[in-house]
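Heads up: the structure comes next, in structure tokens.
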Amino acid sequence: QVQLVESGGGLVQPGGSLRLSCAASARIFSIDVMGWYRQAPGKQRELVASITSGGSTNYADSVKGRFTISRDNAKKTVYLQMNSLKPEDTAVYYCNLNRGVLAYWGQGTQVTVSS
């Protein structure tokens, strides 16, 4: 069992930046793909970005060029640097770890972009 704990959410003005962190409670393996999803009110949860242990990344089109995902395997932590934030980025952001057929989720952290 792996627990994921997110931090770094909050309220930010449009154009601002936030950095989310997600720490895993147990060892991260090379097969693990870690990522960030988000869910806005009334919408389905969607993939924001993911990263493999080798550093290969994947981004939703809506965040390309603005968000950067990174990973520190030694610290068992994945990060999401969010720049040039827009009101439409407002959502609960969830950390995810996929290990083969297993999937683990964090409790979520609220990100609100508003003036």
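Tally the residues that are surrounded by fewer than 17 Cβ atoms within 10 Å (Cβ to Cβ) and within 18 Å of S56 (Cβ to Cβ), restricting the search to the stretch 86-103.
Result for the stretch 86-103: 3.
For T77, are the conditions met, namely being under 11 Å from the mean Cα position of the chain (by Cα) and touching a residue at least 40 places away in the same chain (Cβ under 8 Å)?
yes
Which condition number does N83 fail, the rest of (1) touching a strand residue (DSSP E or B) at 6+ places or on another chain (Cβ under 6 Å); (2) open to solvent by 40 Å² or more (accessible area, probe 1.4 Å); (3) of a type outside the set (F, W, Y); (4) touching a residue at least 24 places away in the same chain (Cβ under 8 Å) being met?
(1)
Would you pick out the residues in the stretch 98-115 that are in a strand (DSSP E or B), closer than 21 Å to T52 by Cα and in contact with a Leu (Cβ under 6 Å, 6 or more places away or on another chain)?
The answer is Y104, and nothing else.
The values are calculated or read from the model by the stated rules, or taken from the named source; none is laboratory data. All values derive from a computational prediction rather than experimental measurement. As a convention, Cβ positions derive from the backbone with ideal geometry for all residues, glycine included, and neighbour counts pool all protein chains shown. For accessibility, only protein heavy atoms count, side chains too; no ligands or nucleic acids. Shrake-Rupley method; radii C 1.70, N 1.55, O 1.52, S 1.80 Å.
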